[in-house]
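Q: Below is the structure I would like to discuss, written out as structure tokens.
The values are calculated or read from the model by the stated rules, or taken from the named source; none is laboratory data. These numbers come from a predicted model, not from an experiment. Backbone-built Cβ (ideal geometry, glycine too); neighbour counts: all protein chains shown. Areas reflect the complete protein model, heavy atoms only, side chains present, ligands, DNA and RNA absent. Shrake-Rupley method; radii C 1.70, N 1.55, O 1.52, S 1.80 Å.
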Amino acid sequence: MSGSTVTPWTGPSAFLTARADPGRPRTGAIAVDGKALRGSRTASTTYVTLLAAMDHNGHVLAQRQIADESNEIPAFRPLLSTIDLDGTVITADALHTQHAHGTYLRERGVHYSAQVKANHPGLFDRVRRLPWREIELDHHLEIRRLKTVSFAHLDYPDARQALQVVCWR
């Protein structure tokens with residue numbers, strides 16, 4: 001094709017950065033997630049858990065240790081209060097789909113992506129009952145269906161498991 005340019009693939013953030021509109025303010029994404037530190041558990045103490053905020057380039061922006069006998073939820077707001085969130089989108093796992101978290105983020109003018117799962121049954125049911133069949137498809141991606149099965153014998157040397165992959169485009 002004449003006149004077209006090809007951007008070399010150097011990862012998703014480079015791909016998106018190359019297509020960013022320089023006239024618009026840059027929006028960053030920050031992921032919030034907690035992890036138990038491997039090897040931190042002893043006979044007399046539980047493992048150490050940290051909650052971290054990281055940009056999508058892998059830079060840790062803030063980190064807090066979770067108090068013993070607690071979880072990530074109370075540490076969410078103090079963690080993010082140490083970061084400039086202007087122009088960002090916050091992503092977190094379903095544990096952080098809490099009304100207080102959403103309210104806090106919106107008070108700070110931040111956009112967020114909330115995962116809704118069965119750990120929030122009322123909201124999960126309301127989202128599940130939305131008229132999805134009536135809603136127009138925004139974007140179409142490749143869809144894959146995976147199935148696995150274990151078996152005693154298939155006429156192939158030492159085969160004990162099969163994987164079926166079906167793709168739709």
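Q: How much accessible area does Leu61 have with a 1.4 Å probe, in Å² rounded to the nearest 10?
A: 80 Å²
Q: Got a sec? What order do Glu134, Glu107 fall in by accessible area at 1.4 Å, biggest, i.e. largest, first?
A: Final ranking, largest accessible area leading: Glu134, Glu107.
Q: So who's got an amide H within less than 5 Å of the one on Lys117, skipping anything under 5 residues away but keeping other chains? H placed 1.01 Å off N, in plane.
A: none
Q: For Asp125, Asp68, what's the largest-to-smallest order of accessible area, 1.4 Å probe?
A: In descending accessible area the options line up as Asp68, Asp125.
Q: Loop only by DSSP, 12 or fewer other Cβ within 10 Å of the Cβ. Give me the trypsin sites (Lys or Arg not before Pro) in region 23-131 that pass, ordered by residue number.
A: Listed in order of number, the matching sites are Arg26, Arg38, Arg41, Arg129.
Q: Could you work out the Rg to Rh ratio of region 108-150, with Rh taken as the Kirkwood radius (inverse of the mean 1/r over all Cα pairs)?
A: For region 108-150, the value is 1.09.
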